[in-house]
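The values are calculated or read from the model by the stated rules, or taken from the named source; none is laboratory data. What you are looking at is a predicted structure, and each value in this text was computed from that prediction instead of being measured. Heads up, the Cβs are rebuilt from the backbone with ideal geometry, glycines too, and the neighbour counts pull from every protein chain shown. Keep in mind that these areas ignore ligands, DNA and RNA; they rest on the heavy atoms of the full protein, side chains included. Shrake-Rupley method; radii C 1.70, N 1.55, O 1.52, S 1.80 Å.
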Amino acid sequence: MTAPALRDRESTYSAISMKEAEEIMQNIATKMTKHFETVDVNLSILGKVVATTVKSTENMPPARVSTKDGYAIIANDGKRNKLVIGVSLAGSVYDGVLQPGQCVRISTGGIVPEGSTAVVMVEHTICTKRTDGDEEDEIQLKDYISDGTNIREPGSEVRQGDVIVRSGAKIGSAELGILNAFGIKKVHVFKKPTVTIISTGNELVAPTTEYVPLGMVRDSNGPQLVALFKEYGFDVIDGGRVSDDFELIREKLEHHLKTSDIIVTTGGVSMGEKDNLKEVLKKLGMEIQFGRVMMKPGLPCTVATGRIKNADDVEPLLKTVLALPGNPASAWVCSHLFALPLLRKLSGYQRIHHTQIKVRLAENIKLGDRPEYVRAHLEDLDNEDFPIAHVTGNQISSNIGSLVGAMALLVLPKKENSDFIRKNELVKAMIL
Ligand SMILES: Nc1nc2c(c(=O)[nH]1)N[C@H]1C(S)=C(S)[C@@H](COP(=O)(O)OP(=O)(O)OC[C@H]3O[C@@H](n4cnc5c(N)ncnc54)[C@H](O)[C@@H]3O)O[C@H]1N2
Ligand code: MOO
């Protein structure tokens, strides 16, 4: 480690624009290996992305099915009175053949018997004869109906061989539903990448610490980021805390690089005399892709890549370390802007960035000398076309309170002609 008096007095990393940083991340995402797996169709696959298109193996519906409770009839037999000759309820099939002047009582989902051409709703009939007071013998149609009424034809919804879930689709309730409807037992999906979270800093103590000595800080970044990536459905390893010691950080990173695709660290990336992360990454043979980004919060946000051999991999794989600033708001915002899109891309998602909408400012906001991602709470008002954005308090990067209740990141430019962006102006917001 360099002695304080000999350290660089200017950062050796020029601050690149957000656009450049995003392009570099895109490039990394393209180069990193995607993993695949074949999994059983059950609830645990929610959120995974399908890698091989799934086609139906049968027609839906498989046979002619009634869409109403009523009577299967021959529509054009010219007879309004029909003899009730049997029953076809959902789950039990009438296997005779219908003749003119006959009908079969049928329920929604019941198989329409052979010979029948339509189903008349019970509401459109009168019972004209009954046995023992309760068994229907004959019904009368109030009106004639046409052929095909209230019948789902075989394959009318999905034909055998049709695509039911396309490659690239994220499995949600609808996809899980249709896979079950067709009895698909296994699907080939993108394997979710593994991300490890590590907090660095001599000052860190366990979040459960009751009396925190002066100068020490409870580690909130660790649990916060573990929770963030879990919230978005990724496989997260909690790598715990490590002091600012160069060797200890190196050992911890080396250990976790073997089992993770991505590591997110917090702390130790700025100009402090204990800010070792960039040097450790270089020592591990990784290439720093960028070391500062012209953004607030998150100026010293650092990303490095390197080919690392997994214990069981023959070929070394490209791994990425996102070394994020220790300030809680910086770590959280940079995780949203850089880590989540990368994780999504590796998981096979088509849309990797947060949705952007326009929102109306509830107050004046002072612009800074860097483009800024301001945390905001959104309110929907009946008489307003756009959601109203309320800033979540003091936006200093150390203010963890600014993250609570944040539903969006307002994308604000740096100050040019005006120091302020005014109340009621429309600005872009990333929905979280
Ligand atoms: N001379 C300069 N100083 C600083 C610069 C600069 O350009 N020149 N940049 C500032 C900016 S911007 C940021 S952001 C911070 C980032 O610093 P580091 O990444 O090196 O972070 P640390 O110094 O380790 O920590 C900053 C702050 O955050 C607290 N922290 C750290 N880890 C955690 C954690 N796991 N849980 C909760 N809080 C944490 C830490 O105690 C510090 O208060 O640097 C500026 N300085
Ligand atoms: O870039 Mo830092 O996150 O402003 O304090």
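Over all distinct alpha-carbon pairs, what is the Kirkwood Rh of the stretch 122-167 in angstrom? The partial results should precede the final answer.
Details: mean 1/r = 0.0692 Å⁻¹.
Averaging 1/r across every pair of different Cα atoms and inverting gives 14.5 Å.
Volume per residue, Å³, of the convex hull around the alpha-carbon atoms of the stretch 356-431?
Details: hull volume 6.1 nm³, N = 76.
Considering the Cα atoms of the stretch 356-431, their hull volume per residue is 80 Å³.
Taking only C-alpha pairs under 8 Å that are 6+ residues apart, what is the relative contact order of the chain in percent?
Relative contact order for the chain comes out at 15 percent.
Can you list the lysines whose alpha carbon sits under 20 Å from that of Lys186, skipping same-chain ones fewer than 8 residues off?
Straight-distance partners of Lys186: Lys34, Lys48, Lys55, Lys170.
Using a probe radius of 1.4 Å on heavy atoms only, what accessible surface per residue do you get for the chain? Whole Å² is fine.
So the chain comes to 50 Å² accessible per residue, rounded to a whole number.
Report, to the nearest whole %, how much of the accessible area of the chain belongs to carbon and sulfur atoms, 1.4 Å probe, protein only.
Details: 10720 of 21520 Å².
Answer for the chain is 50 percent, counting heavy atoms of protein chains only.
Please give the peptides 320-331, 172-183 ranked by average Cβ packing (other Cβ atoms within 10 Å per residue), highest first, as a rough proxy for protection.
Answer by packing, highest mean first, reads 320-331, 172-183.
Only bridges whose two residues both fall in the chain count here: according to DSSP, what percent of them are antiparallel, nearest 5?
Around 70 percent of the beta bridges assigned by DSSP in the chain are antiparallel ones.
What residue among Ile400, Val163, His255 has its Cα farthest toward the positive end of the dipole of the chain, where the charges are +1 on Lys, Arg and -1 on Asp, Glu, each on the Cβ?
So the residue furthest toward the plus end is His255.
Hey, what did the stretch 356-431 get for relative contact order, percent, Cα under 8 Å, at least 6 apart?
48
Going highest first, how would you order 119-132, 337-350 by mean Cβ packing within 10 Å?
In descending order of packing, they fall as 337-350, 119-132.
Take the Cα radius of gyration of the stretch 1-148 and divide it by 2.2 N^0.38 Å, with N its residue count; two decimals is plenty.
Relative to the rule-of-thumb radius for its length, the stretch 1-148 sits at 2.28.
Can you list, bin by bin at 10 Å, the percent of alpha carbon pairs in the stretch 65-152, starting at 0?
21, 58, 21, 0
Local charge sum around Asn81 (other residues, Cβ-Cβ under 10 Å, Lys/Arg +1, Asp/Glu -1)?
+3
Please find the FRET efficiency linking Glu58 to Leu214, where r is the Cβ-Cβ separation and R0 is fixed at 51 Å, and quote it to the nearest 0.05. It would help to have the intermediate numbers written out before the result.
Values: r = 70 Å, r/R0 = 1.38.
After rounding, the FRET efficiency stands at 0.15.
Efficiency by 1/(1 + (r/R0)^6): what FRET value for Gln350 and Asp419, r their Cβ-Cβ distance, R0 = 35 Å, to the nearest 0.05?
The computed FRET efficiency comes out at 0.30.
Starting from 0.36 nm per residue, how many nanometres of slack lie between Asn364 and Glu315 once their C-alpha separation is accounted for?
12.2 nm
Sort Asp219, Asp369, Asp8, Asp245 by accessible area with a 1.4 Å probe, largest first. Let's see the in-between values first.
Details: Asp219 10, Asp369 115, Asp8 95, Asp245 70 Å².
Ranking Asp219, Asp369, Asp8, Asp245 by accessible area, largest first, yields Asp369, Asp8, Asp245, Asp219.
Principal axes first, then extents: for the Cα atoms of the stretch 94-230, list largest minus smallest coordinate on each axis, whole Å, largest first.
Largest first, the stretch 94-230 extends 92, 40, 24 Å along its Cα principal axes.
Take the chain, connect every pair of alpha-carbon atoms lying under 10 Å apart with a spring to form a Gaussian network, then pick out the residue of Asp261, Asp137, Asp419 with the largest mean-square fluctuation.
Looking only at Asp261, Asp137, Asp419, the largest GNM fluctuation is found for Asp137.
Please list, in order, the residues from the stretch 70-89 whose amide nitrogen is less than 20 Å from a point placed 7 Å along the Cα→Cβ vector of Glu138.
71-87
Report the extension gain between Val404 and Ser14 in nm, rounded to one decimal, defined as 0.36 nm multiplied by the number of residues separating them, less their alpha carbon distance. Numbers along the way, then the final one.
Working: separation 390, 0.36 × 390 = 140.40 nm, distance 3.17 nm.
Roughly 137.2 nm would be gained on extension.
Over the chain, what lengths in whole Å, largest first, do the semi-axes of the equivalent ellipsoid take, defined as the square roots of 5 times the eigenvalues of the alpha-carbon gyration tensor?
Numbers: eigenvalues 802, 144, 65 Å².
Semi-axes, largest first: 63, 27, 18 Å.
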